[in-house]
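A short worksheet on the structure shown next.
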Amino acid sequence: MADPLPIIQLRNLRKEFNGTVAVAGLDLDVLEGEFLCFLGPSGCGKTTTLRMIAGLETPTAGEIYLRGQRITDLPPQQRGLGFVFQNYALFWHMTVFDNLAFGLKVRGLPPAEIEARVKEIARGLELEAVLGQRAARLDLSAMQRVAMGRTLITQPQVLLLDEPLNNFRPGLREIMRAELKRLQLNLGRTMIYVTHDQEEALTMGDRVLVMNAGRVEQLGTPREITEHPASLFVASFIGRPPMNFIPADYRIEGGRALLRHGSLTWDVTLWRQAIEAQMRNGQVIVGVGPADILPLALASHGEGEPLRTQVDLVQPLARQKILELKVDDLLLKVVVPGTFQVQAGEMLDVVMPSRALHLFDPLTEKAILLY
Amino acid sequence: MAETAVTTPTVTSVARPRLSARAWVGTLLRLLVAVGIAIVFLLPVLWMLSISFKPPTEWLEYPPTLIPKEPLIGNYTFLFNPGNPEGAIAVMTGAAEPVMPAFINSLIIAPVATVFSVIIGFLAAYAVSRFRVGGNFMPFFTLTTRMFPPVAFAVPLLVYYSAVIPSVIPGLRLYDTRLGLILMYIAFTVAFALWMTKGFIDGVPRHIEEAAILDGASRWRVLFTITLPLVRGGLAATTLFIFILTWTEFLFALIFTQRYAITVPVQVSHYAGAIGRFYGPQAALGILASLPVVIAGYLIQRHLVTGFTFGLIRE
């Protein structure tokens, strides 16, 4: 897919607002042609990072490079980057045509060429019919397309998008998501996309950068992030419902390495070396995905010791049910197929296969790598 | 509607007249309140209009009548061509002077001061709103000149403006000049211009300007092609407000003019005071003096509406 040459490089990029750290020393290589998502809760520094790349915020420390050139102090006008704002920031007092033509007029292109290029981009974004309308009168989807078109028309090297789908209602959002992804594939242009919506990031991004409190939690493909969360934060942020976390003691009994919490026991002899090398104080947090806890009836033979639980709550969704199961002092969230029959109050035997476990060190909150 | 109720006595049609009766009472009450308020505000104006068409015998008549018994336009013609009424008194108070010079002075001083005040205020407001020039308290400090009774500035300014002792303190020679009043009016209204336009500029989302900057536009270009059109209505409202302030300013015009730079408000005061009671011409001049403001307000009415709704610019 992408030429593995970094187009944008951030080196120890830092931003403080009146002493509050928004971004705490970020290192990142953005690859040419990739769709990179910044994912994190609000206030995690993802938008600030994007604005620093665009030149709208001045970094407190650190450097930004574009194709190897240092652009840290370059004014935003000269960076040649496109930015799509969360609320589109259209020029409300102008027509759609003038909105699209603005960047070209600023560059002093001849009117004939401006008109040709505006028409061309309007055709591509299906805005031809509204070219003469005031931007303030458009519907949301058209506003979004004008915002995209206005940015694309100057052919920026990198497109920066700040939660551009936030204002859409859920149904339309999925459609626009696909449109955006298609647009990116057609243009082959590098895009950095900021979102707090994990689904958006995981479906659109070639790579996802998960941020929290101004720091990088994990950078990886959507698959890496869902299957191998690098920290407790990532594991708790990704997935709906999120992963179950169970604090467990590590001990050796009869030559077997066991993790134990009350009546729950996992045999982790296989990873004994890895755990002992990375664990700090004999305790581990076990993460189990809601789909990795299987009712005994649905599990294949030999997946682990059956565990008796009581069904506390059943939440039916369209194709699946979310169960809350009580074991000892724990409440585990489990996803089962919608066809699985179960009532609240019943007893249910489940298995938790050891191969599906994620282990985290409670002190560093980092994942314990098992392989 | 009452008929409908009689011919089709269904539940809805019975309910309808009762509802509309309530609505009717509501409308009537609203109308009464509106008329009451209108009378309170308009009566002085109507009274002035009435006197301006009355002959001298009716000026102080008791009981007064709103409609002149013998209407005439002599009060208006007197303003432009006073002749020699009541001799010495009119000459002493200045009522014998024709009003044209005062009108010309006002028509120069007020618009020029207004335009400069709004331009300076707008640019200052932009700097404050976008770059926090002068720190967070700067806009507040601009108001300090308005925190004293204006007359407190009269004596110091008079010293600056006039040649107190020509050979020792030459002064600025601005006493009784149009430029003198213009400068003074700009100084006194620019804080209002700053505060009013700042409110409108604050209402323009930063993102819109940032989008233009990322499209390659310079700050000046952003200011003139993006921000300025978006606050156009606000500027119109500010301009009208400041024009009213400068057009009607009396105190400083009275103190700082004597003969050449007399403005309309000062001229108005010439007709009735400790001596002289030319109530008719005074009322006539009051009516004429209000016309420029009324006309200006009417002309920019359309912008005023957009100005006040633009507080609702979408983010």
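Observations, loosely collected:
- Of the set (1) more than 23 Å from residue A:227 (Cα to Cα); (2) part of a strand (DSSP E or B); (3) touching a residue at least 12 places away in the same chain (Cβ under 8 Å), all apply to residue A:315 but (3).
- The residue that is surrounded by the most Cβ atoms within 10 Å (Cβ to Cβ), counting only those in the stretch A:337-371 that are over 25 Å from the mean Cα position of the chain (by Cα) and of a type in the set (A, V, I, L, M, F, W, C), is A:352.
- Any hit, the stretch B:249-262, residues being farther than 18 Å from residue B:154 by Cα and buried (at least 19 other Cβ atoms within 10 Å of the Cβ): no
- Evaluation of residue A:238 against (1) crowded, with 19+ Cβ neighbours inside 10 Å; (2) touching a residue at least 60 places away in the same chain (Cβ under 8 Å); (3) aliphatic (A, V, I, L, M) (one fails), failing number: (2)
- A single entry from B:268, B:204, B:264 fulfils the requirement of being away from chain A (no Cβ under 14 Å), in contact (Cβ under 8 Å) with a residue 60 or more places away in the chain and in contact with a helix residue (DSSP H, G or I) (Cβ under 9 Å, 6 or more places away or on another chain): B:264.
Conditions tested, residue by residue: (1) in contact with a Lys or Arg (Cβ under 9 Å, 6 or more places away or on another chain); (2) buried (at least 22 other Cβ atoms within 10 Å of the Cβ); (3) in a strand (DSSP E or B); (4) among the aliphatic types (A, V, I, L, M).
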position: A:21; (1), (2), (3), (4): yes, no, yes, yes
position: A:24; (1), (2), (3), (4): yes, no, yes, yes
position: A:28; (1), (2), (3), (4): yes, no, yes, yes
position: A:33; (1), (2), (3), (4): yes, no, no, no
position: A:41; (1), (2), (3), (4): no, no, no, no
position: A:44; (1), (2), (3), (4): yes, yes, no, no
position: A:52; (1), (2), (3), (4): yes, yes, no, yes
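- Number of positions in the stretch A:241-278 that are surrounded by 18 or more Cβ atoms within 10 Å (Cβ to Cβ) and farther than 27 Å from residue A:334 by Cα: 1
- Considered as a group, the residues in the stretch A:50-99 that are among the aromatic types (Phe, Trp, Tyr), under 24 Å from the mean Cα position of the chain (by Cα) and within 30 Å of residue A:127 (Cβ to Cβ) include one that is farthest from the other protein chains (Cβ to nearest Cβ), and that residue is A:88.
- Being in contact (Cβ under 8 Å) with a residue 12 or more places away in the chain and surrounded by fewer than 20 Cβ atoms within 10 Å (Cβ to Cβ) is a description that does not apply to residue A:184.
- Residue within the stretch B:197-220 that is charged (D, E, K, R), in contact with a Phe, Trp or Tyr (Cβ under 8 Å, 6 or more places away or on another chain) and over 28 Å from residue A:85 (Cα atoms) present: no
- The condition of being without any contact (Cβ under 8 Å) to a residue 24 or more places away in the chain and not charged (D, E, K, R) does not hold for residue A:343.
- Qualifying residue in the stretch A:245-259 (condition: assigned to a loop (DSSP other than H, G, I, E, B) and either closer than 19 Å to residue A:355 by Cβ or charged (D, E, K, R) (or both)): no
- With respect to the stated conditions, residue A:72 is hydroxyl-bearing (Ser, Thr, Tyr), in contact with a Pro (Cβ under 7 Å, 6 or more places away or on another chain) and either part of a helix (DSSP H, G or I) or surrounded by fewer than 20 Cβ atoms within 10 Å (Cβ to Cβ) (or both).
- The set of residues from the stretch A:102-126 being touching a residue at least 12 places away in the same chain (Cβ under 8 Å) and within 30 Å of residue A:58 (Cβ to Cβ) comprises A:102, A:103, A:104, A:107.
- The test for being at pLDDT 90 or above, small (Gly, Ala, Ser) and either within 28 Å of residue B:158 (Cα to Cα) or not in a helix (DSSP H, G or I) (or both) does not hold for residue B:284.
- Those residues of the stretch A:190-203 which are of a type in the set (A, V, I, L, M, F, W, C) and surrounded by fewer than 23 Cβ atoms within 10 Å (Cβ to Cβ), in sequence order: A:202
- Search result, residues across the stretch A:153-173 that are outside any loop (DSSP other than H, G, I, E, B) and closer than 17 Å to residue A:139 by Cα: A:170, A:171, A:172, A:173
- Yes/no for residue B:137 being over 24 Å from residue B:244 (Cβ atoms), under 25 Å from the mean Cα position of the chain (by Cα) and either surrounded by fewer than 15 Cβ atoms within 10 Å (Cβ to Cβ) or of a type in the set (Asp, Glu) (or both): no
- Some residue of the stretch A:290-312 being within 28 Å of residue A:219 (Cα to Cα), out of contact with any Phe, Trp or Tyr (no Cβ under 7 Å at 6 or more places or on another chain) and charged (D, E, K, R): yes
- When the stretch A:300-317 is limited to residues that are at pLDDT below 85 and either of a type in the set (Phe, Trp, Tyr) or more than 27 Å from residue A:232 (Cβ to Cβ) (or both), the one that is nearest to the chain's Cα centre (by Cα) turns out to be A:300.
- Residue match in the stretch B:5-20 (condition: out of contact with any Phe, Trp or Tyr (no Cβ under 9 Å at 6 or more places or on another chain), at pLDDT 70 or above and surrounded by 11 or more Cβ atoms within 10 Å (Cβ to Cβ)): yes
Matching residues to (1) within 13 Å of chain A (Cβ to nearest Cβ); (2) in contact (Cβ under 8 Å) with a residue 60 or more places away in the chain; (3) closer than 30 Å to residue A:155 by Cα:
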residue	(1), (2), (3)
B:208	yes, no, yes
B:212	yes, no, yes
B:219	yes, no, yes
B:260	no, yes, no
B:272	no, no, no
B:276	no, yes, no
B:283	no, yes, no
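- Note on the stretch A:86-124: residues that are basic (Lys, Arg) and outside any helix (DSSP H, G or I) total 1.
- Candidate set: the stretch A:102-115, residues that are hydrophobic (A, V, I, L, M, F, W, C) and within 10 Å of chain B (Cβ to nearest Cβ); chosen: the one surrounded by the fewest Cβ atoms within 10 Å (Cβ to Cβ): A:106
- The single residue among A:9, A:77 that is of a type outside the set (A, V, I, L, M, F, W, C), surrounded by fewer than 20 Cβ atoms within 10 Å (Cβ to Cβ) and within 30 Å of residue B:224 (Cβ to Cβ) turns out to be A:77.
- Residues located in the stretch A:125-146, provided they are outside any helix (DSSP H, G or I) and within 14 Å of chain B (Cβ to nearest Cβ): A:134, A:138, A:139
The values are calculated or read from the model by the stated rules, or taken from the named source; none is laboratory data. Keep in mind that this is a model prediction, so the values were computed, not measured. Cβ: placed from backbone, ideal geometry, glycine included. Neighbour counts: every protein chain shown.
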